[in-house]
Amino acid sequence: MNKLKHTSIVFGITMLSWLIGSSAFAAAGGSVLADPRAMQGKHFDPKGKMPSRFTIELQNGLRKSLPFDDKRDFEEAKKGFIAAPKYKQIMAEAGNVAWDMGSYEFLLQGKDFDSVNPSLQRQAILNMAYGLYEVLPDKIYQVRGYDLANISFIKSKTGWIVFDPLTTKETAAAALKFINEQLGKRPVVAVVYSHSHADHFMGVRGVVDEADVKSGKVQIIAPEGFMEHAVAENVYAGTAMNRRAFFQYGVLLSRSPFGHVDQSIGKNTAAGTPGLIAPTVYVKDDIETMTVDGVRMVFQNTPGTEAPAEMNTYFPDMKAFWAAENITGTIHNIYTLRGALVRDALEWSKQINKALYLFGKEANVMFASHSWPRWGNDRVQEVMRAQRDTYANLNNGVLHLANQGVTINQIHNVYTVPKSLQNQWAARSYHGSVEHNSRAIINRYLGYWDGNPATLIPLSPEDSAPLYVEMMGGAGKIMQKGQQLYDQGKYKLAQEILNKLVYAQPQNQAAKDLLADIFEQLGYQQESPSVRNSFLAAALELRHGIPEGSPPKVSGPDLVRAMTTQQWLDFLAIRLDSKKADGIEFKINFITPDNDEKYVVELSNATLTSIEGFQADDADLTITINREDLVQTMMGAVSFDEQIKKGKAKLAGNRKPYDELKKMLVHFDMGFELMPGTGKADLTPEEKPFQQEDPGRTDGG
């Protein structure tokens with residue numbers, strides 16, 4: 001089978017999953033890759049391999065060395081359970097399966113899977129919590145297992161205050177319906193967005209009506225900078241981020257002991273209808289107290305931690321601390337593999353420390369947007385200190401080594417987490433791995449260069465690889481040595497030489513298959529699901545190529561509407577093909593009168609720039625269109641040419657720059673290769689010239 005055939009694709013910033021309809025890759029309805037062979041311990045891929053004896057030895061060693069006798073997380077994950085729904089699937093409005101908790105039930109068989117790192121398997125089982133849970137009697141509740149995140153309900157005087165309404169309308173609505181069925185129907189009086197990642201706000205339309213927000217009946221509270229960062233973090237490199245998410249989130253992998261088992265902070269993301277309603281109240285101060293419908297809340301703004309706009313919340317009258325996504329059941333990403341700006345581990349540690357001294361001294365329960373709560377002040381402080389110290393040690397320990405000459409290409413093999421932290425489950429690195437987080441610290445402070453001029457302006461791997469292959473005696477010798485290293489369990493050495501061969505001979509399927517076998521064993525061994533998924537997804541594409549098809553745009557109108565005109569213009573500049581623009585110059589005045597904005601858009605030196613608040617006296621063309629009409633074009637509902645024909649867009653002056661610009665713009669296709677020889681695929685449908693492309697996904701941080 002050269003290509004994975006499939007019946008449909010559901011993609012967006014909410015979820016990417018394929019329905020692969022073949023004998024090799026079974027799919028359960030909707031967008032969920034459930035594999036019936038998972039319960040039988042059979043591999044979903046006919047080319048897939050069982051764990052080697054070296055992988056099994058490693059897993060057995062971890063079973064003996066890690067503190068599996070500490071069962072407190074399991075006790076806490078079960079505590080407060082009220083009820084689970086009879087259903088395991090939640091359907092999307094589009095007709096696909098938005099959520100399927102049942103697809104992971106192979107994890108509940110009581111088996112040890114040698115194809116899964118034992119620490120990760122433990123985390124994956126903890127994340128199987130499903131249903132309604134009581135955090136604080138008659139005050140705080142959570143619905144877990146309906147999405148990647150938890151949705152939390154604070155009982156107020158007259159209704160519910162909802163914290164973080166999940167990724168999609170359907171999962172959020174199902175959670176609200178379920179809690180009302182169990183505890184009595186109550187209206188939602190307020191929503192709190194803890195931060196600017198999609199799994200914490202895009203289900204808002206499932207819990208509130210926008211008309212109630214506009215009328216003031218429902219408040220939406222968010223940290224300062226929320227709207228800017230909810231969009232800006234994922235616009236400019238959106239296509240690349242979405243393609244890389246194939247690997248980080250393992251979206252082509254069947255849910256199986258040999259494929260996707262967990263996403264560290266939850267099972268997966270939901271594939272439903274995303275939305276966004278703008279906040280009505282912003283928390284601007286570092287510490288700000290607010291009372292909503294009788295509930296007193298103290299907000300702690302924590303910018304520059306897990307998200308650029310994020311806040312914790314303390315409920316002083318309940319002695320309950322909401323840790324947002326700053327403290328969960330895992331050490332998080334300092335660098336997220338789908339692509340993002342490197343985060344500040346030191347600032348993260350300092351904000352946890354601030355929360356510890358402000359609230360942790362008296363808090364009797366700590367709950368968050370992922371994972372499970374911790375009860376009792378000693379336990380709360382223990383977990384807060386463990387994560388504070390892990391982030392601080394990561395920052396300080398890596399820089400300690402960097403200041404002694406350890407480079408970005410060595411640090412992941414040198415830096416180790418202190419033993420005392422390794423023995424605390426709260427300090428284990430599932431979402432972020434120690435290896436890629438340590439490299440991120442050096443990248444943040446010193447950049448990508450290791451100080452060796454040979455790596456400063458290197459050849460591209462496809463250009464250098466043929467020489468390596470020649471000097472190693474050709475493909476046959478590399479294959480022979482690679483197989484020998486594989487058979488000896490020396491997988492990292494094996495990948496070094498096979499990777500060269502695959503770059504030199506991208507159509508050499510035997511080489512790709514052997515490299516896939518190597519990646520597979522490395523994937524089985526990983527504690528971090530993001531790293532595991534990346535190895536296993538690369539193996540899948542090496543064996544079968546990139547699947548073909550056209551993912552529909554499901555990012556939704558709300559997110560596009562939230563983009564500023566300046567962001568849209570900036571992305572047009574990224575889409576400009578400089579070769580087509582060479583030698584052409586023009587100036588365009590661009591005006592959106594309904595919101596009183598004006599811009600100068602200038603093409604010179606094959607570069608498109610824009611500036612807000614100015615108009616050029618010597619402009620070649622003036623384009624006037626209301627922002628509300630422009631949004632329809634950005635969403636792809638109406639082309640710019642149609643807006644001109646309808647008189648919604650007016651062109652004054654020389655039309656030639658407009659026509660030239662249209663021809664210079666490129667639409668990016670997600671189907672580019674991440675691994676050589678996997679075959680470029682057409683994964684993006686044709687779009688109108690000025691239509692905004694899907695932003696990158698930010699769910700899961």
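The values are calculated or read from the model by the stated rules, or taken from the named source; none is laboratory data. Everything numeric in this text was worked out from a predicted model, so none of it was measured. Methodologically, a virtual Cβ is constructed for each residue, glycine included, from the backbone with ideal geometry; neighbour enumeration extends over all protein chains shown. Heads up: the accessible areas ignore ligands, DNA and RNA and are worked out on the full protein's heavy atoms, side chains in. Shrake-Rupley method; radii C 1.70, N 1.55, O 1.52, S 1.80 Å.
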Name every residue in the stretch 396-424 that is in a helix (DSSP H, G or I), open to solvent by less than 30 Å² (accessible area, probe 1.4 Å) and in contact with a Ser or Thr (Cβ under 7 Å, 6 or more places away or on another chain), in order of residue number.
-> 398, 411, 421
If a residue has to be closer than 26 Å to residue 502 by Cβ, within 31 Å of the chain's Cα centre (by Cα) and open to solvent by 70 Å² or more (accessible area, probe 1.4 Å) to count, how many in the stretch 445-458 make the cut?
-> 5
Members of the stretch 400-424 found to be of a type in the set (A, V, I, L, M) and either under 18 Å from residue 386 (Cβ atoms) or over 27 Å from the mean Cα position of the chain (by Cα) (or both), listed by number | 401, 402, 406, 414, 417, 421
Count, please, the residues in the stretch 122-142 that happen to be within 30 Å of residue 259 (Cα to Cα) and either assigned to a strand (DSSP E or B) or open to solvent by 10 Å² or more (accessible area, probe 1.4 Å) (or both).
-> 10
Name the residue, out of 309, 230, 270, that is open to solvent by less than 10 Å² (accessible area, probe 1.4 Å), of a type outside the set (Phe, Trp, Tyr) and touching a Gly at 6+ places or on another chain (Cβ under 6 Å).
-> 309
Which of the residues belonging to the stretch 70-82 are open to solvent by 40 Å² or more (accessible area, probe 1.4 Å), in contact (Cβ under 8 Å) with a residue 60 or more places away in the chain and not in a helix (DSSP H, G or I)?
-> 70, 79, 82
Meets criteria (open to solvent by less than 80 Å² (accessible area, probe 1.4 Å), under 24 Å from residue 541 (Cβ atoms) and not small (Gly, Ala, Ser)) for residue 100 = yes
State yes or no: is residue 129 closer than 26 Å to residue 66 by Cβ, in contact (Cβ under 8 Å) with a residue 40 or more places away in the chain and under 23 Å from the mean Cα position of the chain (by Cα)?
-> yes
Would you call residue 245 surrounded by 18 or more Cβ atoms within 10 Å (Cβ to Cβ) and in a helix (DSSP H, G or I)?
-> yes
Selection within the stretch 484-500 - farther than 17 Å from residue 523 by Cα and surrounded by 15 or more Cβ atoms within 10 Å (Cβ to Cβ) = 497, 500
Any residue at all in the stretch 287-294 that is surrounded by fewer than 21 Cβ atoms within 10 Å (Cβ to Cβ) and assigned to a loop (DSSP other than H, G, I, E, B)?
-> yes
Of 85, 67, the only residue that is outside any strand (DSSP E or B), in contact with a Gly (Cβ under 8 Å, 6 or more places away or on another chain) and modelled with pLDDT of 95 or more is 85
Residues that are farther than 20 Å from residue 701 by Cβ and of a type outside the set (A, V, I, L, M, F, W, C), drawn from the stretch 375-400 | 376, 377, 378, 379, 381, 382, 385, 389, 393, 396, 397, 400
Being over 18 Å from the mean Cα position of the chain (by Cα) and basic (Lys, Arg) is the filter; apply it to the stretch 312-355 and report the residue that is most open to solvent (accessible area, probe 1.4 Å).
-> 350
Could you tell me which residue of the stretch 356-380 is most open to solvent (accessible area, probe 1.4 Å), considering only residues that are within 18 Å of residue 77 (Cβ to Cβ) and assigned to a helix (DSSP H, G or I)?
-> 379
Of (1) open to solvent by 20 Å² or more (accessible area, probe 1.4 Å); (2) modelled with pLDDT of 95 or more; (3) basic (Lys, Arg), residue 561 satisfies every one except (2)
Evaluate the stretch 660-675: report whether one residue or more is open to solvent by less than 30 Å² (accessible area, probe 1.4 Å) and over 21 Å from residue 571 (Cβ atoms).
-> yes
Can you tell me which residues in the stretch 140-157 are farther than 19 Å from residue 169 by Cα and not aromatic (Phe, Trp, Tyr)?
-> 140, 154, 155, 156, 157
Residue count for the stretch 174-211, restricted to those that are assigned to a loop (DSSP other than H, G, I, E, B) and closer than 19 Å to residue 274 by Cα = 10
Count, please, the residues in the stretch 143-160 that happen to be surrounded by 24 or more Cβ atoms within 10 Å (Cβ to Cβ), touching a residue at least 60 places away in the same chain (Cβ under 8 Å) and more than 19 Å from the chain's Cα centre (by Cα).
-> 2
Is there a residue in the stretch 48-58 that is at pLDDT below 90, farther than 25 Å from residue 329 by Cα, under 28 Å from the mean Cα position of the chain (by Cα) and open to solvent by 10 Å² or more (accessible area, probe 1.4 Å)?
-> no
Could you list, in sequence order, the residues of the stretch 523-553 that are surrounded by 23 or more Cβ atoms within 10 Å (Cβ to Cβ) and modelled with pLDDT under 95?
-> 546
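Here is a yes/no grid of residues against (1) under 20 Å from the mean Cα position of the chain (by Cα); (2) not small (Gly, Ala, Ser):
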{"position": "166", "(1), (2)": "yes, yes"}
{"position": "169", "(1), (2)": "yes, yes"}
{"position": "188", "(1), (2)": "no, yes"}
{"position": "196", "(1), (2)": "yes, no"}
Tell me, please, whether a residue that is closer than 30 Å to residue 125 by Cβ and open to solvent by 70 Å² or more (accessible area, probe 1.4 Å) can be found in the stretch 434-444.
-> yes
Exclusive hit being of a type in the set (Val, Ile, Thr) and surrounded by fewer than 16 Cβ atoms within 10 Å (Cβ to Cβ), set 609, 622, 633 = 609
